[in-house]
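The values are calculated or read from the model by the stated rules, or taken from the named source; none is laboratory data. Everything numeric in this text was worked out from a predicted model, so none of it was measured. Positions of Cβ are generated from backbone atoms using ideal geometry, with glycine treated the same way; all protein chains shown enter the neighbour counts.
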Amino acid sequence: MASLACALVTAATSAHAQREGATPEALVQQGADLARDGNLQRALEVLREALGRERSGRALAELAYVEQSLNLVLEAEEHLAEALTLSDERWVRHHARDVERALESTRASIGAVRVTSNVEGAEVRLNGALAGRTPLREAVRVPLGRVVVEARAAGYRTTSREAMVRSGETAEAHVSLDRDAPPTPEAPPPLRCAPGLVLRDGLCFAPEPVDDGSISPYRWMLYAGGAVTVVSMGVAIGLGLNGNGIEGAYLARCGGAGVAASCAGDWRTTQDTLSSQAAAVNTFWVLSSLGAVTAAVGLGLELQRARRRPSMTRAALTVVPAGVRLTW
């Protein structure tokens, strides 16, 4: 298969090279020989090349004969008529009668079709070839026989119809175009959430945790911190008051202006006791502060968790006659 393709390419290249070096007369003779052998498409190609190099009467006529065979009658008519104008050429003078008969035969195989449409500016094609835009002022010349008339315009559906063109008559073809229906908007595909997410109000959310009635760790932080704060504050206040009582009792026994010799031991004992209680009071105040911070953090985290659960009761801070009430 590869060898066959290579041979075909080589042959085509060789033929092209031969045509490049051939004279216009030789190309015309080559085209005529190809036409006699029935290779019309190849003959058409060679004769067009010859005509491109030299517009001679014989090249025009030989090309027209091939075009006649391929039903390219409009092109054939044009080339035959042009060949007859070159009467100073010997070949044309010698074959003038044959060319005239070919021209008459060609013109006899040409008819006309008048195309109308309900839309101005519509593009009209006859057998696929562009004929112009509506309104077409004159009938369009076409080969005899069945002709496919096609019209198209922006905003209209392309429409085609057939017309039968007969000798000596002008066929009529009216092509009515219908407007394009506006495209029906497609319904958007249903929204699907990724696995593990749930659809709510057109958006995807993580599934809400099920409230099983248990106390969250954040509430435990709030409760524990609050308890530590209250207890520590109570103990610190109690120790402070007790220290004040001890100091008052000492002053009542020994007076405050000076320390008598008999009260020296009592004074040292009282000072040691007050120092120990002062250290304990400071410790409990620190524990109270830590408890308050823990309770505040727990409250904040619990409120944030409640806001992320819209289906459950939201946290709220309300003022009631008895004071302030926090619910969540």
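The residues of segment 64-90 that are under 23 Å from R141 (Cα atoms) and over 52 Å from the mean Cα position of the chain (by Cα), listed by number, are A64, Y65, E77, H79, L80, A81, E82, A83, L84, T85. For segment 110-120, the condition holds for at least one residue, the condition being that it is crowded, with 17+ Cβ neighbours inside 10 Å and within 24 Å of P182 (Cα to Cα).
Any chance segment 230-251 includes a residue that's touching a helix residue (DSSP H, G or I) at 6+ places or on another chain (Cβ under 8 Å), at pLDDT below 75 and in a helix (DSSP H, G or I)? Yes, there is a match, as at least one residue in segment 230-251 is touching a helix residue (DSSP H, G or I) at 6+ places or on another chain (Cβ under 8 Å), at pLDDT below 75 and in a helix (DSSP H, G or I).
For segment 150-188, filtered to residues that are under 13 Å from N118 (Cα atoms) and among the aliphatic types (A, V, I, L, M), the residue that is farthest from the chain's Cα centre (by Cα) is A173. Among (1) surrounded by 12 or more Cβ atoms within 10 Å (Cβ to Cβ); (2) within 23 Å of L70 (Cβ to Cβ); (3) in contact with a Lys or Arg (Cβ under 6 Å, 6 or more places away or on another chain), there is one condition A163 misses while meeting the rest; what is its number? So A163 meets the others, but not (3). Residue check: E45 meets all listed conditions (1) more than 51 Å from the chain's Cα centre (by Cα); (2) at pLDDT 90 or above; (3) within 29 Å of P143 (Cβ to Cβ); (4) surrounded by fewer than 16 Cβ atoms within 10 Å (Cβ to Cβ) but one, namely (1). Scanning segment 139-164 for residues that are touching a residue at least 24 places away in the same chain (Cβ under 8 Å) and closer than 23 Å to D180 by Cβ returns V149, E150, A151, R152, A153, G155, Y156.
Which residue pairs have Cβ atoms under 9 Å apart, sit 6 or more places apart or on different chains, and have a first residue in segment 221-234 that is farther than 11 Å from L290 by Cα and a second that is outside any helix (DSSP H, G or I)? Matching pairs, first to second residue: Y223/I215.
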